[in-house]
Amino acid sequence: MEARMDKIRHMKTVQGFKYEQVRQDIQLQEKSLKQAVEKYAKKLQKELEHNHKSTFQFIQGDINDISRSIKQADVWYNEVEDLMNTTDVAEFFQEVSGMKKYSDISIQKTMSPYCSIPKFIPGEITQSTLGIFQDDDSPSGELTVDMNINREFQTNLSLVTHLSPCHDDSLWINSSKDEVLQKIKPERSSLKTILMSMVWQ
């Protein structure tokens, strides 16, 4: 009995240790995953910022180039309009010869289509990302009972099918064949019957 109690207490200690170890493993994995996710999220944000900055610079550059072309065209249009309204023929032909410089106004080519900001597709989070439980096949937590036969006793039952010890060193024995339940106590070389009851199934 004492040996069995020691084994049960040992198993309780082992299971308590395993619980604490597994709990710490889960917390460590959680911390590691959080750090990995935060690191990768920062990498994506940095990549997004770079993409946005490059795209914005190209677009703004095209806006600036087109604005300059529009301003040059407006100056040329105003001067042509003034020339058309002049009544001085000599001045008209003199100014027309100087208009050639405005014929070289170029239309700036744009970068279109521009690199668009990419979509973000969230990744799939599964149980295997964090971890799952798996049965422990190690025998450290298994309860084994060793029985040593010190003494033998003869009962009046044809077959003992169940046996259960009591704290006062007595035993409950049962015979499903004889349909009898007895409480007995070993005394020297014999068994003393304390209680007997018939059991009907």
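The values are calculated or read from the model by the stated rules, or taken from the named source; none is laboratory data. Just so you know, these numbers come straight off a predicted model, no measurement behind them. No Cβ is skipped: glycine too gets one built from the backbone with ideal geometry, and neighbour counts run over all protein chains shown.
Picking from L130, L163, which residue would you name as being under 44 Å from the mean Cα position of the chain (by Cα) and at pLDDT below 85?
L130
From the list V14, V80, which residue is touching a Ser or Thr at 6+ places or on another chain (Cβ under 6 Å) and either at pLDDT 85 or above or more than 28 Å from C115 (Cβ to Cβ) (or both)?
Of V14, V80, the one residue that is touching a Ser or Thr at 6+ places or on another chain (Cβ under 6 Å) and either at pLDDT 85 or above or more than 28 Å from C115 (Cβ to Cβ) (or both) is V14.
Which of the residues that make up the range 157-193 are touching a residue at least 24 places away in the same chain (Cβ under 8 Å), farther than 23 Å from E2 by Cβ and surrounded by 13 or more Cβ atoms within 10 Å (Cβ to Cβ)?
Within the range 157-193, L157, N174, S176, Q182 meet the criteria.
Go through the residues of the range 50-60 one by one and say whether even a single one is closer than 30 Å to I132 by Cα and free of Cβ contacts under 8 Å to residues at least 12 places away in the same chain.
Within the range 50-60 (the criterion being closer than 30 Å to I132 by Cα and free of Cβ contacts under 8 Å to residues at least 12 places away in the same chain), the answer is no, since none of the residues qualifies.
Within the range 27-38, can one find any residue that is assigned to a helix (DSSP H, G or I), more than 14 Å from the chain's Cα centre (by Cα) and among the β-branched types (V, I, T)?
Checked the range 27-38: no residue is assigned to a helix (DSSP H, G or I), more than 14 Å from the chain's Cα centre (by Cα) and among the β-branched types (V, I, T).
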